[in-house]
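S.K.: Structure in structure tokens, see below.
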Amino acid sequence: MDGGKPKVIENAEGARTTPSIVAFTKDGERLIGQPAKRQAVTNPDNTIFAVKRLIGRRFDDPMTKKDMELVPYSIAKGPNGDAWVQAGGKDYSPSQISAFILQKMKETAESYLGETVTQAVITVPAYFNDAQRQATKDAGQIAGLEVLRIINEPTAAALAYGLEKQDGKTIAVYDLGGGTFDISILEIGDGVFEVKSTNGDTFLGGEDFDAKLVEFLAAGFQKDEGIDLTKDKLALQRLKEAAEKAKIELSSAQSTEVNLPFITADQNGPKHLVKTITRADLERLVADLIKRTMEPCKKALADAGVSASEISEVVLVGGMTRMPKVREAVKEFFGKEPHTGVNPDEVVAMGAAIQAGVLQGDVKDVLLLDVTPLSLGIETLGGVFTRMIDRNTTIPAKKSQVYSTADDNQQAVTIRVFQGEREMAADNKLLGQFDLVGIPPAPRGVPQIEVTFDIDANGLVNVHAKDKGTGKEQQIRIQASGGLSDADIDQMVKDAERFAEEDKKKREAAEAKNNAESLIHTTEQQLGEHGDKVDAGLKSEIETAIAATRSAVEGGDAEAMKAKAQELATVAMKLGQAIYEKEQAAAAAPGGDAPKADDDVVDAEFSEVDDNKA
């Protein structure tokens with residue numbers, strides 16, 4: 001926050017957005033963001049993207065299987081049955097990959113602010129279930145951050161948007177990003193942001209639009225050349241990159257050309273892919289995806305109890321909302337032009353910054369009331385899902401209900417906690433279970449067991465059961481998917497810290513190398529130009545220092561490079577001094593250009609200027 005307003009900080013590459021991509025090189029180096037994206041074509045197996053789709057998911061989830069068909073990297077079964085990724089010869093949980101990205105954000109903020117950052121507000125898709133939220137919180141912890149609050153992305157967008165808006169408005173936030181789609185209906189009044197309803201699709205986003213174009217290009221190539229490019233990971237990655245570029249260009253142009261020379265080869269020689277795609281082609285290919293966003297919109301309006309005509313404004317979030325056909329579909333559904341006055345790529349981050357400001361006390365008169373996206377409850381007799389907290393309930397929330405035993409003399413009950421909207425428990429997502437034992441023998445229906453659900457402001461769930469007769473109690477805090485234990489998280493934090501230390505050493509070595517090479521170049525240049533003006537002894541000393549510094553650079557040790565560069569800098573100063581003295585002597589010689597004495601000449605102070613900074 002800068003002057004009460006959120007400010008987007010540029011990253012080390014000078015960009016205001018950072019792709020959520022992590023890559024592992026053959027040298028064991030870890031790349032984050034744009035550097036990772038740039039090398040994805042040549043290193044597809046070890047470049048991880050769209051990990052948000054996997055976070056908090058089981059390996060045997062149908063959505064995981066679908067994702068495995070779309071990405072070039074490997075997805076493996078984690079220790080507790082959750083989906084992990086494989087890269088650089090190691091297995092990583094999605095929380096770890098997310099933590100690497102969060103670490104990069106942490107470093108960017110620290111570099112700009114000049115101080116250590118220890119706390120964060122993290123946004124998630126509104127439709128994330130409890131396991132996905134918990135896994136996101138784990139990611140923050142692994143990155144060395146205390147997660148103060150997890151908020152829904154559309155809610156964050158409305159928070160950023162609402163500061164300049166008048167009271168009494170009902171707003172729809174249409175969020176179509178890289179991997180997920182969310183729609184939220186919010187009421188804004190008296191500085192209070194209340195989410196009335198939320199809906200969406202966790203598996204619909206820009207990557208699906210890219211995939212449609214990839215399929216189209218691959219099918220055309222196979223028809224023309226008889227070669228299936230989707231079987232070649234390197235070709236597939238190049239295709240994906242070209243498809244994303246073409247999709248972006250078609251938001252502002254009517255047609256674009258995909259030109260991929262040497263995409264593959266057969267016995268007759270290399271093959272090239274050259275294809276012109278029109279905006280109409282793209283719109284035809286993705287029409288079903290755009291249509292898929294409309295059903296959640298209908299459900300969100302119904303849950304909020306409002307009609308499309310009652311929506312004051314529609315806010316667009318996510319890069320995909322720049323596509324003209326998407327904007328046209330939104331306009332047609334809501335009957336009004338969507339608001340485009342906010343940068344769709346930055347508005348969510350700005351909302352998170354405002355929420356952090358609220359929590360720190362820097363932003364006054366703003367209150368955020370979020371909701372739980374899915375109903376929570378327990379399994380009761382006959383496998384029925386009995387709701388304890390309905391979806392779209394404002395959080396934090398707490399609710400208790402008294403239950404009893406189903407059999408005579410039952411001395412224990414198993415509390416199975418589910419999240420979802422189906423009537424039978426088995427059709428919903430099992431979040432966790434625990435046993436309450438030691439119930440005194442009694443006829444069925446007599447024991448009084450109070451079950452309490454407590455959802456905190458992050459949307460994370462605690463369930464507590466108590467036998468009112470004996471006072472015995474048991475509770476559970478829902479963990480992510482297969483669950484990362486405290487020990488797992490501690491180990492991952494240590495790994496992250498170790499990586500951070502390694503990264504710091506690599507960065508220092510690179511800076512030392514840059515400085516040393518720059519100093520060698522500058523000194524050699526000066527020696528080449530003015531070598532005739534210095535005596536042989538100094539010239540030899542300089543050449544020896546240059547050779548020693550070059551040797552240190554080849555050795556790669558940061559401290560050695562710094563030491564030799566310092567020695568070279570000291571000798572280089574002698575060179576500069578010798579050149580200066582020689583020129584002064586020449587100017588002062590008879591017939592030279594020595595200046596005449598002047599009483600108005602003022603002695604100036606000079607400070608050394610370091611031209612060798614990288």
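S.K.: Checking Ile277 against (1) in contact (Cβ under 8 Å) with a residue 60 or more places away in the chain; (2) within 22 Å of Thr155 (Cβ to Cβ), only one condition comes out false. Which one?
M.R.: (2)
S.K.: Of all residues in segment 168-180, how many are modelled with pLDDT of 80 or more, crowded, with 20+ Cβ neighbours inside 10 Å and either within 19 Å of the chain's Cα centre (by Cα) or charged (D, E, K, R) (or both)?
M.R.: Residues in segment 168-180 being modelled with pLDDT of 80 or more, crowded, with 20+ Cβ neighbours inside 10 Å and either within 19 Å of the chain's Cα centre (by Cα) or charged (D, E, K, R) (or both): 5 in total.
Residues checked against (1) polar (S, T, N, Q); (2) under 22 Å from Gly33 (Cβ atoms); (3) buried (at least 19 other Cβ atoms within 10 Å of the Cβ):
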site	(1), (2), (3)
Met63	no, no, no
Met68	no, no, no
Val85	no, yes, yes
Lys90	no, yes, no
Leu102	no, yes, yes
Lys106	no, yes, yes
Ala109	no, yes, no
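S.K.: Just one of (1) assigned to a helix (DSSP H, G or I); (2) at pLDDT 85 or above trips up Ile183, so point out which.
M.R.: Result: Ile183 passes all but (1).
S.K.: Just the residues that are surrounded by fewer than 22 Cβ atoms within 10 Å (Cβ to Cβ), closer than 23 Å to Lys505 by Cβ and not acidic (Asp, Glu), please, taken from segment 25-37.
M.R.: Thr25, Lys26, Gly28, Arg30, Leu31, Gln34, Pro35
S.K.: Would you check if there is a residue in segment 32-44 being assigned to a loop (DSSP other than H, G, I, E, B), under 13 Å from the mean Cα position of the chain (by Cα) and modelled with pLDDT of 90 or more?
M.R.: yes
S.K.: I would also like to ask the following. Which number in (1) in contact with an Asp or Glu (Cβ under 9 Å, 6 or more places away or on another chain); (2) more than 16 Å from Met320 (Cβ to Cβ) marks the one condition that Ala243 misses?
M.R.: Ala243 satisfies all of (1) in contact with an Asp or Glu (Cβ under 9 Å, 6 or more places away or on another chain); (2) more than 16 Å from Met320 (Cβ to Cβ) except (2).
S.K.: Same structure again: If a residue counts only when it is modelled with pLDDT of 90 or more and hydrophobic (A, V, I, L, M, F, W, C), which strands (runs of 3 or more DSSP E) contained entirely in segment 59-115 have at least 2 such residues?
M.R.: Hits in segment 59-115: 74-77, 83-87.
S.K.: Ok, one more. Among (1) aliphatic (A, V, I, L, M); (2) without any contact (Cβ under 8 Å) to a residue 60 or more places away in the chain; (3) farther than 15 Å from Phe181 by Cβ, which single condition is Ile290 missing?
M.R.: (3)
S.K.: Quick one: Pro94 ticks every box in (1) more than 17 Å from Gly78 (Cβ to Cβ); (2) buried (at least 24 other Cβ atoms within 10 Å of the Cβ) bar one, so which box is it?
M.R.: (1)
S.K.: Residues in segment 140-152: is at least one out of contact with any Ser or Thr (no Cβ under 7 Å at 6 or more places or on another chain), surrounded by fewer than 24 Cβ atoms within 10 Å (Cβ to Cβ), β-branched (Val, Ile, Thr) and within 18 Å of Ala353 (Cβ to Cβ)? Talk me through it step by step, then tell me what you get.
M.R.: Keep residues of segment 140-152 that are out of contact with any Ser or Thr (no Cβ under 7 Å at 6 or more places or on another chain), which gives 140-141, 143-144, 147-149.
Now narrow it down to the ones that are surrounded by fewer than 24 Cβ atoms within 10 Å (Cβ to Cβ): 140-141, 144, 147-149.
After this cut, where a residue has to be β-branched (Val, Ile, Thr) as well, the list is 147.
Restricting the remaining residues to those that are within 18 Å of Ala353 (Cβ to Cβ) gives 147.
Yes: one or more hits.
S.K.: Right, here's the next one. Only one of Ala126, Ala135 is outside any loop (DSSP other than H, G, I, E, B) and either buried (at least 22 other Cβ atoms within 10 Å of the Cβ) or in contact with a Gly (Cβ under 9 Å, 6 or more places away or on another chain) (or both). Can you tell me which? Explain how you work it out, then say what you get.
M.R.: On the way: Ala126 fails: outside any loop (DSSP other than H, G, I, E, B).
So the residue among Ala126, Ala135 that is outside any loop (DSSP other than H, G, I, E, B) and either buried (at least 22 other Cβ atoms within 10 Å of the Cβ) or in contact with a Gly (Cβ under 9 Å, 6 or more places away or on another chain) (or both) is Ala135.
S.K.: I'd like the full set of residues that are part of a loop (DSSP other than H, G, I, E, B) and surrounded by fewer than 17 Cβ atoms within 10 Å (Cβ to Cβ), limited to segment 299-322.
M.R.: Gly305, Ser307, Ser312
This table checks each residue for (1) part of a strand (DSSP E or B); (2) surrounded by fewer than 17 Cβ atoms within 10 Å (Cβ to Cβ).
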| site | (1), (2) |
| --- | --- |
| Gly200 | yes, no |
| Asp210 | no, no |
| Gln222 | no, yes |
| Leu239 | no, no |
| Ala253 | no, yes |
| Ile277 | yes, no |
| Arg284 | no, yes |
| Ala287 | no, yes |
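S.K.: A further question follows. Residue check: is Ala426 surrounded by fewer than 14 Cβ atoms within 10 Å (Cβ to Cβ), within 40 Å of the chain's Cα centre (by Cα), touching a residue at least 12 places away in the same chain (Cβ under 8 Å) and within 28 Å of Asp182 (Cβ to Cβ)?
M.R.: Numbers: surrounded by fewer than 14 Cβ atoms within 10 Å (Cβ to Cβ): yes; within 40 Å of the chain's Cα centre (by Cα): yes; touching a residue at least 12 places away in the same chain (Cβ under 8 Å): yes; within 28 Å of Asp182 (Cβ to Cβ): yes.
Against the criterion (surrounded by fewer than 14 Cβ atoms within 10 Å (Cβ to Cβ), within 40 Å of the chain's Cα centre (by Cα), touching a residue at least 12 places away in the same chain (Cβ under 8 Å) and within 28 Å of Asp182 (Cβ to Cβ)), Ala426 qualifies.
S.K.: Only one of these conditions is not met by Val534: (1) surrounded by 14 or more Cβ atoms within 10 Å (Cβ to Cβ); (2) farther than 24 Å from Glu508 by Cβ; (3) modelled with pLDDT of 90 or more; (4) not aromatic (Phe, Trp, Tyr). Which number is it?
M.R.: The one condition Val534 does not meet is (3).
S.K.: Is there a residue being among the small types (Gly, Ala, Ser) and assigned by TED's automatic domain parsing to the domain that holds Gln267 anywhere in segment 208-216?
M.R.: So far as segment 208-216 goes, yes, one or more of its residues are among the small types (Gly, Ala, Ser) and assigned by TED's automatic domain parsing to the domain that holds Gln267.
S.K.: Quick one: is Gly383 loosely packed, with under 13 Cβ neighbours inside 10 Å and under 21 Å from Gly469 (Cα atoms)?
M.R.: no
S.K.: Go over the candidates Gly140, Gly178 one by one and state the one that is without any contact (Cβ under 8 Å) to a residue 60 or more places away in the chain and under 19 Å from Ser20 (Cα atoms).
M.R.: Of the residues listed, the single one that is without any contact (Cβ under 8 Å) to a residue 60 or more places away in the chain and under 19 Å from Ser20 (Cα atoms) is Gly140.
S.K.: Then there's this: Going through Asn458, Asn462 one at a time, which residue ends up being within 30 Å of Thr155 (Cα to Cα), polar (S, T, N, Q) and free of Cβ contacts under 8 Å to residues at least 24 places away in the same chain? Write out each step before concluding.
M.R.: Values: Asn458 fails: free of Cβ contacts under 8 Å to residues at least 24 places away in the same chain.
Going through Asn458, Asn462 in turn, the sole match is Asn462.
S.K.: Next up: Out of Val173, Val147, I need the residue that is assigned to a strand (DSSP E or B) and closer than 30 Å to Arg498 by Cβ. Which one?
M.R.: After applying the criteria, what remains is Val147.
The values are calculated or read from the model by the stated rules, or taken from the named source; none is laboratory data. On a predicted model such as this, the values are computed, not experimentally measured, just so you know. Note that we place each Cβ from the backbone using ideal geometry, even for glycine, and neighbour counts take in every protein chain shown.
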